[in-house]
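Inspection log for the structure reproduced underneath, given as structure tokens.
We did not get these values from a lab; they are worked out from the coordinates using the rules stated. Here the structure is a predicted model, which is why all the values come from computation and not from measurement. So basically every Cβ, Gly included, is an ideal-geometry build from the backbone, and we count neighbours across all protein chains shown.
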Amino acid sequence: MKEDRVIETILEKMDRMLELEEETLRIISREGEKRELKPLDALTLLDLPDHLRKTAMVMNKLKEATAKEVADETERERSIESAYLNQLHREDYLLKRREGRKVIFYFPEE
Amino acid sequence: MKTIAIHSYRGGTGKTNIALSMAECLARREKKVFLVDFDLRAPSLESFFEYKPSYFVNDFLTGRCDAKDVFVKAEGFNDGLFLGFASSEIREIKEAMREDKRKQMKILSRILNGKDLLKDEVDYLIVDTAPGLRYSSTNVILSSDLVLLVSTLDKSDLDGTKRMIEEIHEILDMPHFVIINKVPEGVSGEEVSKEVGDKLSQKMICTILCYCEVMSLRGRQTIFHQQPEHPFSRAIEEIVDKIS
């Protein structure tokens, strides 16, 4: 159990590092604050690689979720889902925000 | 719950007849079945019944009702058969034709969540889709566990079915089978296999002959309901044996 906790902490820190890297890249590339999200409709899903499609389908259902919640649905590792969710975020399919220690991926309310 | 999409490349392959017959067959086997008409551009399930549903599939997809509100119990059939109708009102058909990506994304989300709500309510969800590759059919295929592709021996139909398998079902790694329907009398099994080609033959689970008795019902009833011993009905039993 103690080992699990240590791994979880490392993964959280890695997530945070990834976020900082993205923020830095965004500042360097002078991206605007508002990002236009691309829709994850059925035909777009067909064009996604298999590994991302599974994650995207779950996000389409949940609308808002942490990597752990997505992993519970896909039955893959949380760290894998975290990487895929971040990839979807980088490709402008999802937004993400931090709430304390949690990173939440979501689609904006319409 | 197992979700089965009945799909085809072209219209007029006999999808609805097969979908309704399969649904009745499963209900006779004491399964709880929900058959939904998802051909939102050209609904056809309603022609078999005279119901006036309170809610249509269109209402569910646009958030005007829940998935279970669409249920209509099929009278005169086994207890476990429930139906979901698509609206044939032109206003609703026009709305369904809007291929706006964000709207379609919401619809896919409604389908995935609706499936979750139904998973403890029914054993089989059978979805009669629109033919071809369009949003309404792709949304259903993405949400299914198994796709049954219905084709005739028409060359364009077979070529289109093969392309769909290569470009959709294989990419999605989606379990799929092919049913060849309306095979003209006198065409041997060997000829059918030759026409269909290796690719589709491997996935073919049944061939059904073209029966005048089926045509003579003119989409008002199924031969499966009327004549359980008819060769068409036996073919349906064979399909259900293979997929259940």
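Points worth noting:
- Derived scalar couplings ³J(HN,Hα) [segment B:57-72; Karplus, 6.51 cos²θ - 1.76 cosθ + 1.60; whole Hz; x for Gly, Pro]: 4, 4, 5, 5, 5, 9, x, 7, 7, 8, 4, 6, 5, 7, 3, 10
- Between the amide H of residue B:10 and those of B:132, distances stay under 5 Å, these residues lying 5 or more places away or on another chain, with hydrogens modeled in the peptide plane.
- Among A:103, B:147, the ranking by other beta carbons within 10 Å of each residue's beta carbon, starting with the fewest, stands as A:103, B:147.
- Highest mobility in the GNM of chain A, judged by mean-square fluctuation with C-alpha springs under 10 Å and restricted to A:64, A:23, A:81, is found for A:23.
- Base-10 log of normalised Debye intensity for segment B:2-243 (one unit scatterer per alpha-carbon) at q = 0.08, 0.13, 0.14, 0.16 Å⁻¹: -0.28, -0.76, -0.89, -1.18
- For segment A:2-106, the normalised intensity computed at q = 0.17, 0.18, 0.24 Å⁻¹ comes to -0.81, -0.90, -1.42 (log10 of I(q)/I(0), Debye sum over alpha carbons, equal scatterers, no solvent).
- Choice from B:144, B:88, B:136 with maximal GNM fluctuation in chain B (Cα, 10 Å cutoff): B:88
- Proportion of all alpha-carbon pairs of the protein assembly as shown beyond 38 Å (%): 25
- Antiparallel content of DSSP bridges confined to chain B, in %, to 5: 5
- Nearby aspartates and glutamates by direct alpha-carbon distance to residue A:38 (threshold 12 angstrom, same-chain neighbours under 8 apart not counted): A:91, A:92
- Within segment B:107-126, backbone nitrogen closer than 20 Å to the virtual label 7 Å beyond the Cα of residue B:95 toward Cβ: B:107-115
- Proxy reagent accessibility, fewest Cβ within 10 Å first, across B:91, B:28, A:26: B:91, A:26, B:28
- The share of alpha-carbon pairs in segment B:16-108 lying farther apart than 18 Å comes to 46%.
- Taken one residue at a time, the phi angles of segment B:23-39 give Karplus couplings (6.51, -1.76, 1.60, θ = phi - 60°) of 4, 5, 4, 5, 5, 5, 8, 6, 9, 8, 10, 10, 9, 10, 7, 10, 8 Hz. Gly and Pro are set to x.
- Cα long-axis angle, helix B:101-118 against chain B (0 to 90 degrees, to the nearest 10): 90
- Rounded tilt (10° steps) of B:231-243 against the dominant C-alpha axis of chain B: 70
- For the cross-link pairs A:63/B:73; B:68/B:94; B:94/B:242; A:63/B:31; A:63/B:68; A:2/A:96, the ones whose C-alpha atoms lie over 27 Å apart are A:63/B:73; B:94/B:242; A:63/B:31; A:2/A:96.
- Short-range pairs are left out: with C-alpha atoms under 8 Å and at least six residues apart, the relative contact order of chain A is 24 percent.
- Close amide-amide hydrogen proximity is noted between residue A:94 and A:89, each under 5 Å apart and 5 or more residues distant or on a separate chain (H modeled in the peptide plane; Pro and chain starts excluded).
- Anchor residue B:194: lysines whose Cα lies under 17 Å away (excluding residues fewer than 8 positions away in-chain): B:155, B:162, B:182, B:203
- Cα-based Rg of segment B:128-244 normalised by 2.2 N^0.38 Å, two decimals: 1.09
- Taking other Cβ atoms within 10 Å as a rough exposure proxy, A:62, B:45 sort from fewest to most as A:62, B:45.
- Net charge over other residues, Cβ less than 15 angstrom from the Cβ of residue B:76 (K, R count +1; D, E count -1): -1
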